[in-house]
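The values are calculated or read from the model by the stated rules, or taken from the named source; none is laboratory data. Fair warning: this is a prediction, and the values are worked out from it, not measured in the lab. Note: ideal-geometry Cβ built from the backbone for every residue, glycine included; neighbour counts use all protein chains shown.
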Amino acid sequence: MSESFDFVIVGKGMMGAAAARHLSLGGARVALVGEPGDWAKHRGVFASHYDNARITRTIDNDPIWARLARRSIERYREIEEASGIEFYYEVGCLIAAPAPSSGFDYLDKVVLARDGLDVDAPLIVGEELAKRFPWFRFPQHYAGILEARGAGYVNPRALVRAQTIAAENSGARVIRAEVVSLEEAVDCVIVTTKDGQSVQAGRVIVAAGGFSLSTALLPRPIDLTVKARTVLFAEVGAEDLARFAGMPSLIGAAFEQEKSYYLLPPVAYADGKHYIKIGGDPTDRILASEPAIREWFRGNASGEAADHLRGGLSEVVAGFKPVSTHFSPCVTSFTRHGYPYIGFASDRIAVLTGGNGQAAKSSDEIGRLGAALVMGGRVDVGEYETDFAIAYR
Ligand SMILES: Cc1cc2nc3c(=O)[nH]c(=O)nc-3n(C[C@H](O)[C@H](O)[C@H](O)COP(=O)(O)OP(=O)(O)OC[C@H]3O[C@@H](n4cnc5c(N)ncnc54)[C@H](O)[C@@H]3O)c2cc1C
């Protein structure tokens, strides 16, 4: 007979690992199943968090996303302490765009959001912008909002590791395998992995990122639009590192969407080198099926998008000559209402997915809501003005 748990979570990603921590802290018997191995070796299900930096910040024009972020950020240090793993770097986040009242109202909205959230983040205009951020070269009419405290970046892989360790410390079991089927029996769900293991649980959470599209995991296909993304990494020479000290994360918004981008300061990677990462892939390629997602992850990403990002980088980071550049594939998963799906797809199978390109920073709170769902039998939306309901195709 297969081992039995209160809850099995399919997907040891950002949301799944967070849910596992919250459930096991609540005293439940939990198994967290996912991510068979490292990128280079496995041919299976990939995560949308394979690099070392994701921007984190509270200010968001959408109050629901802002609250999801704030609640998560408030717990970062607690998770670091519980796991002994550092993942949060409070380097600040600068949002730069045409100045308020310039005809493009992006920063006007950011100012409103800032005030509504009561975040201390000054508006920096004119020459002051160039003086405060000597690394960046912005068009003349630009201004910036700097969220200096409670913002910067998280290392998403370290965060998942931290959540997993904290969950294990509270008794969760981690199974490194790919799930190939979920079978609903009368009183449980049987979860079977590719390597032939099987476990069962009263309730299962599917938190498989873009792979939640898979017909093997959910009884009905959810309305999830998975988009291919390419990100560029620019190697920073050892002699250049000191000059980037103090550089914040950067979101650059332009009237033309294809000129908008985000950028992370130099971050160390497993090869011992530091890379500045830039994203803002202007191509809009939809991956319509699970096999298409696998193929995209195993491929080389888009050279065209990488060229676009290389051009953007040379415009924004003044005088920077990367030692080398390379690019990688990733995916973002969009829901119909623009918030994560947190709900039951059947009596015993729940869904926790749909990062909409911005859930890394907020994954702990999203995981907490998912844990509350399966523990209590319904989404306890509390202070949120949405029910996070799943939409189906
Ligand atoms: C290029 C890029 C940049 C981003 N930048 C930011 C940012 O700056 N700030 C921010 O907040 N967010 C950012 N995001 C978004 C963020 O990374 C995602 O929202 C987040 O990773 C989603 O978490 P998830 O748990 O839903 O999915 P994932 O992190 O992808 O985790 C899903 C997990 O499920 C596993 N899985 C899938 N199928 C199976 C199966 N059959 N069996 C077992 N396991 C399975 C996968 O291996 C994976 O580990 C970015 C995303 C991308 C692609």
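Values computed for the structure shown
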| quantity | calculated |
| --- | --- |
| Residue check for residue 128: surrounded by fewer than 19 Cβ atoms within 10 Å (Cβ to Cβ), more than 19 Å from residue 60 (Cβ to Cβ) and either among the hydroxyl-bearing types (Ser, Thr, Tyr) or without any contact (Cβ under 8 Å) to a residue 40 or more places away in the chain (or both) | yes |
| From 293, 205, 276, residue being more than 12 Å from the ligand (Cβ to nearest atom), buried (at least 21 other Cβ atoms within 10 Å of the Cβ) and not acidic (Asp, Glu) | 276 |
| Qualifying residue in the range 328-335 (condition: under 15 Å from the mean Cα position of the chain (by Cα), buried (at least 19 other Cβ atoms within 10 Å of the Cβ), over 16 Å from residue 16 (Cβ atoms) and of a type in the set (Ser, Thr, Tyr)) | yes |
| Search result, residues across the range 299-348 that are under 30 Å from residue 215 (Cβ atoms) and away from the ligand (no atom under 13 Å from the Cβ) | 299, 300, 336, 337, 343, 344, 345, 346, 347, 348 |
| Close pairs (6 angstrom Cβ cut-off, 6 or more residues apart or separate chains): free of Cβ contacts under 8 Å to residues at least 60 places away in the same chain in the range 159-181, buried (at least 17 other Cβ atoms within 10 Å of the Cβ) anywhere | 180/192; 181/192 |
| Top-ranked residue in the range 141-156 [being at pLDDT 95 or above and more than 16 Å from the ligand (Cβ to nearest atom); ranked as surrounded by the fewest Cβ atoms within 10 Å (Cβ to Cβ)] | 149 |
| Residues of the range 248-273 satisfying the condition of being in contact with a Gly (Cβ under 7 Å, 6 or more places away or on another chain), part of a loop (DSSP other than H, G, I, E, B) and either surrounded by fewer than 22 Cβ atoms within 10 Å (Cβ to Cβ) or among the basic types (Lys, Arg) (or both) | 260 |
| Of residues in the range 77-109 being among the acidic types (Asp, Glu) and in contact (Cβ under 8 Å) with a residue 60 or more places away in the chain, the one nearest to residue 25 (Cα to Cα) | 80 |
| Of all residues in the range 177-202 being near the ligand (Cβ under 10 Å from one of its atoms) and loosely packed, with under 15 Cβ neighbours inside 10 Å, the one that is nearest to residue 275 (Cα to Cα) | 194 |
| Which listed residue is of a type in the set (Gly, Ala, Ser) and either under 30 Å from residue 238 (Cβ atoms) or in contact with a Ser or Thr (Cβ under 7 Å, 6 or more places away or on another chain) (or both), from 343, 279 | 279 |
| Residue within the range 254-269 that is within 23 Å of residue 323 (Cα to Cα), away from the ligand (no atom under 11 Å from the Cβ), in contact (Cβ under 8 Å) with a residue 24 or more places away in the chain and among the aliphatic types (A, V, I, L, M) present | yes |
| Failed criterion for residue 81 (all others in (1) closer than 17 Å to residue 364 by Cβ; (2) under 14 Å from the mean Cα position of the chain (by Cα) hold) | (2) |
| Residue identified as assigned to a loop (DSSP other than H, G, I, E, B) and surrounded by 21 or more Cβ atoms within 10 Å (Cβ to Cβ) among 55, 59 | 59 |
| Residue within the range 373-390 that is within 11 Å of the ligand (Cβ to nearest atom) and polar (S, T, N, Q) present | no |
| Qualifying residue in the range 54-77 (condition: within 16 Å of the ligand (Cβ to nearest atom), closer than 24 Å to residue 190 by Cβ and either under 18 Å from the mean Cα position of the chain (by Cα) or hydrophobic (A, V, I, L, M, F, W, C) (or both)) | no |
| Close pairs (6 angstrom Cβ cut-off, 6 or more residues apart or separate chains): in the same structural domain as residue 353 (by TED's automatic domain parsing) and in a strand (DSSP E or B) in the range 205-217, within 8 Å of the ligand (Cβ to nearest atom) and not basic (Lys, Arg) anywhere | 205/352; 206/10; 206/212; 206/217 |
| Flag for residue 324 being crowded, with 22+ Cβ neighbours inside 10 Å and over 26 Å from residue 29 (Cα atoms) | no |
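Residue-wise test of (1) part of a loop (DSSP other than H, G, I, E, B); (2) closer than 30 Å to residue 12 by Cβ; (3) in contact with a Ser or Thr (Cβ under 7 Å, 6 or more places away or on another chain); (4) of a type in the set (D, E, K, R).
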{"position": "116", "(1), (2), (3), (4)": "no, no, no, no"}
{"position": "120", "(1), (2), (3), (4)": "yes, no, no, yes"}
{"position": "130", "(1), (2), (3), (4)": "no, no, no, no"}
{"position": "134", "(1), (2), (3), (4)": "yes, no, no, no"}
{"position": "143", "(1), (2), (3), (4)": "no, no, no, no"}
{"position": "146", "(1), (2), (3), (4)": "no, no, no, no"}
{"position": "149", "(1), (2), (3), (4)": "yes, no, no, yes"}
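Rundown of residues vs (1) under 26 Å from residue 266 (Cα atoms); (2) of a type in the set (Val, Ile, Thr); (3) buried (at least 18 other Cβ atoms within 10 Å of the Cβ), yes/no style:
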| site | (1), (2), (3) |
| --- | --- |
| 10 | no, yes, yes |
| 27 | no, no, no |
| 69 | yes, no, yes |
| 79 | yes, yes, yes |
| 110 | yes, yes, yes |
